[in-house]
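Report on one structure; see the data block that follows.
The values are calculated or read from the model by the stated rules, or taken from the named source; none is laboratory data. Here the structure is a predicted model, which is why all the values come from computation and not from measurement. Glycine also receives a Cβ, built like all others from the backbone with ideal geometry; neighbour counts cover every protein chain displayed.
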Amino acid sequence: MSTPVKKSQADRFKEAARELEADDDEATFNEKLRKLVKQKPDDKRPSDD
């Protein structure tokens, strides 16, 4: 059995980018990023005063 090699965060990022077929185009990057990241809800709620 071989011991799994712990990858650095940069290596994991590069691997994920390759899997997502990322390129240098900013629009393509943003589109693929939206698939990965969920937007946090707005914490600023109107008060009921």
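Close Cβ contacts (under 6 Å, 6 or more residues apart or on different chains) running from residues in segment 10-21 that are surrounded by 10 or more Cβ atoms within 10 Å (Cβ to Cβ) to residues that are among the basic types (Lys, Arg) comprise 20/32.
Looking at 6, 38, 14, can you tell me which residue is part of a helix (DSSP H, G or I) and modelled with pLDDT of 70 or more? Break it down into steps so the answer makes sense when it comes.
Values: 6 fails: part of a helix (DSSP H, G or I); 38 fails: part of a helix (DSSP H, G or I).
Criteria check complete, one pass: 14.
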